[in-house]
1. In degrees, nearest 10, range 0 to 90: what is the angle between the Cα axis of helix 136-149 and the longest Cα principal axis of the chain?
2. Toward the positive end of the charge dipole of the chain, about the Cα centre and with charges on Cβ (Lys, Arg +1; Asp, Glu -1), which of 93, 83, 59 goes farthest?
3. Can you list the HN-Hα couplings for the range 75-86, worked out from phi with the Karplus curve (6.51, -1.76, 1.60; θ = phi - 60°), rounded to whole Hz and with x for Gly and Pro?
4. Exposure proxy check: 34, 134 ranked by fewest other beta carbons within 10 Å?
5. Helix-only mean residue ellipticity at 222 nm, the chain, DSSP H runs n ≥ 4 weighted -39,500 (n - 2.57), per residue, nearest 500. What is it?
6. Among the trypsin sites (Lys or Arg not before Pro) in the range 83-165, which ones are in a DSSP loop with at most 11 other Cβ atoms within 10 Å of the Cβ? Mind listing them?
7. Which angle from 0 to 90°, rounded to the nearest 10, does the C-alpha axis of helix 47-56 make with the longest principal axis of the chain?
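Derivation of every value follows stated rules applied to the coordinates shown; laboratory data play no part. All values reported here derive from a predicted model rather than from experimental measurement. In this analysis, Cβ positions are derived from the backbone assuming ideal geometry, glycine residues included, and neighbour counts consider all displayed protein chains.
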Amino acid sequence: MTAPPPGPATGPALLGTRLRLLLDTLERGVEGVYADLGLPDFRPRYAPVVRALAAAGDLPIRDVARATGVTHSAASQTVAQMARDGLVTLVPGDDARRRIVRLTPRAEALLPRLGAEWDATARAAAELDAELPYPLSRLVTDALAALERRPMRERIGEVQRDAGA
């Protein structure tokens, strides 16, 4: 077996690794902006939840998940961390199984600073899209749609069957 060639790791075999690197790089940049704003503990994954609650008011976790495009489990984990950080509270819903997410006064006080950062981030993301040969935002949307049509597990299974594995 030969060693891989030196240089940057690229190619479809390393797609997951490269996507994590891309996401980590983007998030580090946004985290730096939050730190510059005096919000070193505000995480980029909080932003969609805060935006959804600021726009719609109190929401059940299920609706937070739908509004932010993540699974119920991911939304629940993010909301739990946000509650520990004092940004949201959870109150019982009309059903004992439902919990309603509400912004705290602390989070509401951050909205003007966060809104300005979100606008700047959207403009910077549009600039990044314009710099690329194929807009990253469109690529992500198209990739998610393709995987919705035919999940990766199914694709891998077909390759394995075709190869006789």
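1. That works out to roughly 80 degrees.
2. My answer, from the dipole projection, is 93.
3. 5, 4, 5, 5, 4, 4, 5, 5, 5, 4, 8, x
4. Details: 34 20, 134 9.
Listing 34, 134 from fewest to most nearby Cβ atoms yields 134, 34.
5. Details: 7 runs with 106 residues, N = 165.
Helices in the chain give a 222 nm mean residue ellipticity of -21000 deg cm²/dmol.
6. Values: sites: 84, 97, 98, 99, 102, 106, 113, 123, 138, 149, 153, 155, 161; in loops: 97, 98.
Listed in order of number, the matching sites are 97.
7. Long axis of 47-56 versus the principal axis of the chain: about 50 degrees.
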